[in-house]
Amino acid sequence: MLEKIPKSFIDELVLKTNIVDIVSSKIQIIKRGKNFYAICPFHNEKTPSFSISLEKQFYYCFGCNVHGNVIDFLMNYEKMSFLESIKELSMLNGMKIPTKNIKYKKQCEKIYYEKKKLHNILYKLSKKYINNIYEKKNVQVRKYLEKRGVRKDIIEKFSIGYSNNIKIITDKYAKQNKTLVNLLIKAGILYLNKNNTIYNRFVNRIMFPIKNSKGEINGFGARILTKSFPKYLNSPETKIFKKKENLYGINEVYKYNKLIKKLLIVEGYFDVITLFQNKIKYAVSILGTSININIIKKLFKISNTIIYCYDGDKAGKNASWKTLEISLPYIEDNKILKFIFLPKGEDPDSIIRKEGYKNFKIRIKNATPMSEFLFKKLLKKNDLSSPEKKTTFSRLAINMIQKIPGKIIKFFLRKKLIKKLGITKHDQRCLLIPKKYIYKKKKK
Ligand SMILES: [Zn+2]
């Protein structure tokens, strides 16, 4: 991407933009001497150590050492991609992005505007869904949400809506509104079946907009109001909606937390909403049942502490273990991974209703650290009653520990392993230390 946009243009863009204007439009700043200061948006602090230099057009935090120019700021604070921040700044300055490769430029612009169009139509649609809730005839929707205990302010905060009973789009309507209908098909709202009939994908469903971190709607999650199947339905994969990448509730997490100290990962829309309603405003839901590497990487970028709280059933337990296994290669020394195991048959939505905020807070506080879960699970399968069993256990544990990149956490896990095995003598300990550290006999 970098080589496609001339460096001179990027330099000019940075030069033309006043970083102080951009930063001050996002966070509160104060002037002190030549420089400007703010409470750092990237670490937790009470006195401002985030400095913005007008002269150097640069920011630097004396607390956490983050630094960069206006592009870096947009990328880190607004979670924009490099290209998005270039576009944003170009627009602000009324500059057009030049590129050596015209075809590539056109392609980029085409994708950008296509996505914009989809985001716009979903935004408009979401407004309509929201209005539907309050229509007189849709009393059953309001009753349902009431029954589930969702407060009115939460319905508004999460832009929850309702998609009505319209199943088929008539030919007449489709002909008269060709562009709109095509766009709604691209956005995954309508679909064409084999007989060329256009259907509404979401009939009689509560609609949960799935937003990105910036608040644009990428797709919808939808829950049926009646007893029919499937209970939950997501938007299909579109140019802006990827089931494996989106997180329900992420926009609200950014919006309502100045600093994301920890992130709670749950399985359902109602889990996120009920937790939020009970003052836990840092929960997001993965879409569908399975966690994947992309999401894990994304989560660790958002926060250093990730706590998984799956449903209290066998599937939830298995999901926790799978999560641990695939997270190992991403556990740096500053990353913390924890798990909450709920009682059988409970999910975060049900349990917090039963036991309230205070008790759920205790569950979060007492969440099982990755290290504890790892050894517990391996020991459950392999007790240490014989050398063979000890060997199997060691092999499994070492294999897993080796995958962790964090040197310090790896050291302590090895130490814990040695202790579990009851190895005390130094030379025996060598067995578990990587080859290169083992003393080699000199060749004769
Ligand atoms: Zn800082």
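Taking a Cβ cut-off of under 15 Å around residue 408, the surrounding Lys, Arg, Asp and Glu residues balance to a net charge of +4, with basic ones at +1 and acidic ones at -1. Of the listed residues 383, 21, 349, the order by accessible area with a 1.4 Å probe, largest first, is 21, 383, 349.
Look at the dipole of the range 247-370 built from charges on Cβ: of 254, 369, 339, the Cα furthest out on the positive end belongs to 254.
Using a ≥ b ≥ c from the Cα gyration tensor of the range 106-234 (square roots of the eigenvalues), is it rounded, prolate or oblate, where a/c under 1.5 gives rounded and otherwise the larger of a/b and b/c decides, a/b for prolate?
Oblate shape, in that a/c is at least 1.5 and b/c is the bigger or equal ratio.
Could you give the size of the charge dipole of the range 7-100 about its Cα centre, using +1 on the Cβ of each K and R and -1 on the Cβ of each D and E, expressed in debye and rounded to the nearest 20? If you can, show how the numbers build up before the last one.
Details: 12 positive and 9 negative charges, 24 e Å.
Value, rounded to 20: 120 debye.
Looking at the chain alone, DSSP beta bridges between its own residues are antiparallel in about 75 percent of cases. Of the residues 281, 103, 335, 172, the one with the largest accessible area comes first in the ranking 103, 172, 281, 335, computed with a 1.4 Å probe on protein heavy atoms. With contacts taken as Cα pairs under 8 Å at a separation of at least 6 residues, the chain carries a relative contact order of 8 percent. Basic side chains Lys and Arg get +1 at the Cβ, acidic Asp and Glu get -1 at the Cβ, and with that the dipole of the chain about its Cα centre reaches some 1460 debye. Which shape class applies to the chain: rounded if a/c is under 1.5, otherwise prolate when a/b exceeds b/c and oblate if not, where a ≥ b ≥ c are the square roots of the Cα gyration tensor eigenvalues? Cα axes put the chain in the oblate bin.
Proximity of backbone amide H atoms, modeled 1.01 Å from N, is registered between residue 305 and 263, 336 at under 5 Å, excluding neighbours fewer than 5 places apart on the same chain. Rounded to the nearest 10 degrees, the inclination of helix 407-421 to the longest alpha-carbon principal axis of the chain is 50 degrees. Contact order for the range 192-292, expressed relative to its length and based on alpha carbon pairs under 8 Å spaced 6+ residues apart, stands at 22 percent.
Compute the relative contact order of the range 106-234 as a whole-number percentage, counting only Cα pairs closer than 8 Å that sit 6 or more residues apart in sequence. 24 percent. Note on residue 56 and residue 362: their simple-model spin labels are 5.0 nm apart, each label 7 Å out from Cα toward Cβ.
Residue 14 exposes around 30 Å² of accessible area when a 1.4 Å probe is run over every protein chain in place.
Loop-located chymotrypsin sites (Phe, Trp or Tyr not before Pro) across the range 107-152 with a Cβ neighbour count of 16 or fewer within 10 Å are 134, with loop assigned by DSSP. Annotation for the range 52-124: GluC sites (Glu not before Pro) lying in DSSP loop with at most 14 further Cβ atoms inside 10 Å of their Cβ are 55. Comparing 161, 33, 288 in a Gaussian network model of the chain, where Cα atoms under 10 Å apart are tied by springs, the biggest mean-square fluctuation is seen for 33.
The accessible area of residue 32, taken with all protein chains in place and a 1.4 Å probe, comes to roughly 120 Å². The residues of the chain expose on average 58 square angstrom of accessible surface per residue, using a 1.4 Å probe on protein heavy atoms. Using only the Cα atoms of the range 1-152, build the gyration tensor, take square roots of its eigenvalues as a ≥ b ≥ c, and label the shape rounded, prolate or oblate: rounded if a/c is under 1.5, else prolate if a/b is larger than b/c, else oblate. Note, shape of the range 1-152 comes out oblate. Surface composition of the chain: carbon plus sulfur atoms hold 54% of the accessible area, using a 1.4 angstrom probe and ignoring ligands, DNA and RNA. Between 373, 360, 62, the GNM of the chain built on Cα springs shorter than 10 angstrom shows 62 fluctuating the most. Stretched out straight at 0.36 nm per residue, the stretch from residue 380 to residue 21 would grow longer than its current Cα-Cα span by 123.5 nm. Over the chain, DSSP H runs of length four or greater, each weighted -39,500 (n - 2.57), average out per residue to a 222 nm ellipticity of -14000 deg cm²/dmol.
The values are calculated or read from the model by the stated rules, or taken from the named source; none is laboratory data. What you see is a predicted model; the values in this text were computed from it and never measured. Reconstructed Cβ throughout: ideal geometry from the backbone, glycine too, with neighbour counts over all protein chains shown. These accessible areas exclude ligands, DNA and RNA; they are computed on the full protein's heavy atoms, side chains included. Shrake-Rupley method; radii C 1.70, N 1.55, O 1.52, S 1.80 Å.
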